[in-house]
Amino acid sequence: MTAVPFQKRALLRRLHGGDALQTAALIVLVLVVLVAVLAPWIAPYDPNGLDLSAALGGASGDHLLGTDESGRDVLSRLVYGARSGLLGPLVVVAVSTALGALVGVAAAWCGGLVDAVLSRAMDLVFALPGLLLAIVLVAVFGPGLTAPTVAMSIAYVPYVGRLVRNVAVQETTRPYIQSYRVQGWSGWTICLRHLVPNIAPLVLAQSAMNFGYALMDLAALSFLGFGVQPPAADWGAMINNGANALLQGAALPALAPGAAIVVAVVAFGIVGEGVADRVAKREA
């Protein structure tokens, strides 16, 4: 019998059992990212190209997912919509994770009054609905991707900050932290070189789940007309545009972007939970 290389055996073990779902979710995310990056090369048509004579056409060889009420190719708009669908959440997660980690580590390391003030500030932001904040900013600065992204970045800071603060408080009581303090290491050096790397996997898990939630929130804002504006291709806006098509018996213009959002959000959630489970098993 031919021996199976070690790397392939490891891959087969990961694909078997509970890890198969996580692997599938990761593959889905990779495909979504590739679609967004390669959109100009893989989209069969101009996403904003109008053809009123082909309006609300069903799936066919020319238009695999049919056309919307303006005759635009749904598949092309779905492909280009992945760009705004991923860009906004990426900014939200990057900003909220950086700020949340900074606030959480500062609160845990300094303790006392600093911890109390930062914790109350996070509670205050947490109590403010992110969608309401986004609507307020849109009213001030106008619709588009920027205002909702800024609002969601602020709203998601407590999700990361509270997690980092709670984990960092436990981590600062461990012997290795005390030993570095005794050796005269500065708090800044200890946090950057040892504390933050040790809590990074848990933060990564939370960030993966936050990405899915942010994608859903930004899509909801676009659906309501506060996010990406027509004629730009965006999954949330496509569902809004496809609502009228549903009344005329054409489901694909709304169903395709809705399915894309659900698949992406579920995939990010599965990947995030998988990372969290691995961290929990490592610490057990």
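One line per residue, one yes/no per condition, for (1) open to solvent by less than 60 Å² (accessible area, probe 1.4 Å); (2) touching a Lys or Arg at 6+ places or on another chain (Cβ under 8 Å):
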residue: ALA36; (1), (2): yes, yes
residue: ASP51; (1), (2): no, yes
residue: ALA54; (1), (2): yes, no
residue: GLY58; (1), (2): yes, no
residue: LEU65; (1), (2): yes, no
residue: ASP68; (1), (2): yes, yes
residue: GLY71; (1), (2): yes, no
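Please determine, by comparing only the residues of the range 175-223 that are part of a helix (DSSP H, G or I) and of a type in the set (Ser, Thr, Tyr), which one is farthest from the chain's Cα centre (by Cα). Reasoning before the result, please.
As a first pass, look at the range 175-223 and keep what is part of a helix (DSSP H, G or I): 175-182, 187-223.
Filter once more, so that each one left must be of a type in the set (Ser, Thr, Tyr): 176, 179-180, 189, 207, 213, 222.
On the way: TYR176: 34, SER179: 38, TYR180: 36, THR189: 30, SER207: 7, TYR213: 6, SER222: 16 Å.
Restricting to residues being part of a helix (DSSP H, G or I) and of a type in the set (Ser, Thr, Tyr), the top hit is SER179.
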Output for the range 149-174, where each listed residue is within 21 Å of ALA276 (Cα to Cα), of a type in the set (S, T, N, Q) and assigned to a helix (DSSP H, G or I): ASN166, GLN170
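Taking the conditions exactly as written (in a helix (DSSP H, G or I), at pLDDT 85 or above and touching a helix residue (DSSP H, G or I) at 6+ places or on another chain (Cβ under 6 Å)), does VAL136 satisfy them or not?
Values: in a helix (DSSP H, G or I): yes; at pLDDT 85 or above: yes; touching a helix residue (DSSP H, G or I) at 6+ places or on another chain (Cβ under 6 Å): no.
No: the conditions fail for VAL136.
Restricting attention to the range 75-116, and to residues there that are among the β-branched types (Val, Ile, Thr) and within 23 Å of the chain's Cα centre (by Cα), which single residue is farthest from PRO231 (Cα to Cα)? Talk me through it step by step, then tell me what you get.
Going residue by residue through the range 75-116, those that are among the β-branched types (Val, Ile, Thr) are 79, 91-93, 95, 97, 103, 105, 114.
Subsequent filtering for residues that are within 23 Å of the chain's Cα centre (by Cα) retains 79, 91-93, 95, 97, 103, 105.
Numbers: VAL79: 14, VAL91: 22, VAL92: 23, VAL93: 26, VAL95: 28, THR97: 31, VAL103: 39, VAL105: 43 Å.
Once the filter is applied, the top-ranked residue is VAL105.
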Criterion: surrounded by 17 or more Cβ atoms within 10 Å (Cβ to Cβ) and in contact with an Asp or Glu (Cβ under 8 Å, 6 or more places away or on another chain) - qualifying residue of VAL196, VAL228: VAL228
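Take GLN206 and tell me if it is open to solvent by 50 Å² or more (accessible area, probe 1.4 Å), out of contact with any Cys (no Cβ under 9 Å at 6 or more places or on another chain), at negative phi and not β-branched (Val, Ile, Thr). Walk me through how you get there before you give the answer.
Details: open to solvent by 50 Å² or more (accessible area, probe 1.4 Å): no; out of contact with any Cys (no Cβ under 9 Å at 6 or more places or on another chain): yes; at negative phi: yes; not β-branched (Val, Ile, Thr): yes.
No, not satisfied.
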Selection within the range 27-59 - modelled with pLDDT under 90 and in a helix (DSSP H, G or I): LEU52, SER53, ALA54
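Is one or more of the residues making up the range 266-278 modelled with pLDDT under 80 and of a type in the set (A, V, I, L, M)?
Step one: filter the range 266-278 for residues modelled with pLDDT under 80, giving 275-278.
Restricting the remaining residues to those that are of a type in the set (A, V, I, L, M) gives 275-276.
The answer is yes; a qualifying residue exists.
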Every pair of residues 6+ apart whose Cβ atoms lie under 8 Å, when the first sits in the range 207-225 and is within 17 Å of ALA237 (Cα to Cα) and among the acidic types (Asp, Glu) while the second is part of a helix (DSSP H, G or I) and open to solvent by 10 Å² or more (accessible area, probe 1.4 Å): ASP217/GLY130; ASP217/LEU131
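Looking at LEU31, LEU26, can you tell me which residue is open to solvent by 90 Å² or more (accessible area, probe 1.4 Å), within 27 Å of the chain's Cα centre (by Cα) and in contact (Cβ under 8 Å) with a residue 60 or more places away in the chain? Talk me through it step by step, then tell me what you get.
Details: LEU31 fails: in contact (Cβ under 8 Å) with a residue 60 or more places away in the chain.
Step by step, each of LEU31, LEU26 is checked, and only LEU26 is open to solvent by 90 Å² or more (accessible area, probe 1.4 Å), within 27 Å of the chain's Cα centre (by Cα) and in contact (Cβ under 8 Å) with a residue 60 or more places away in the chain.
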Any hit, the range 141-160, residues being free of Cβ contacts under 8 Å to residues at least 60 places away in the same chain, crowded, with 20+ Cβ neighbours inside 10 Å and farther than 27 Å from ASP234 by Cα: yes
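Residues to consider are LEU99, LEU78; find the one that is surrounded by fewer than 24 Cβ atoms within 10 Å (Cβ to Cβ) and in contact (Cβ under 8 Å) with a residue 40 or more places away in the chain. First the steps, then the outcome.
Values: LEU78 fails: surrounded by fewer than 24 Cβ atoms within 10 Å (Cβ to Cβ).
Only one candidate passes the filter, namely LEU99.
The values are calculated or read from the model by the stated rules, or taken from the named source; none is laboratory data. Bear in mind the structure is a predicted one, so any value in this text is a computation, not a measurement. Here Cβ is always computed from backbone atoms with ideal geometry, including for glycine, and neighbour counts include all displayed protein chains. Side chains included, ligands, DNA and RNA excluded: accessible areas come from the protein's heavy atoms. Shrake-Rupley method; radii C 1.70, N 1.55, O 1.52, S 1.80 Å.
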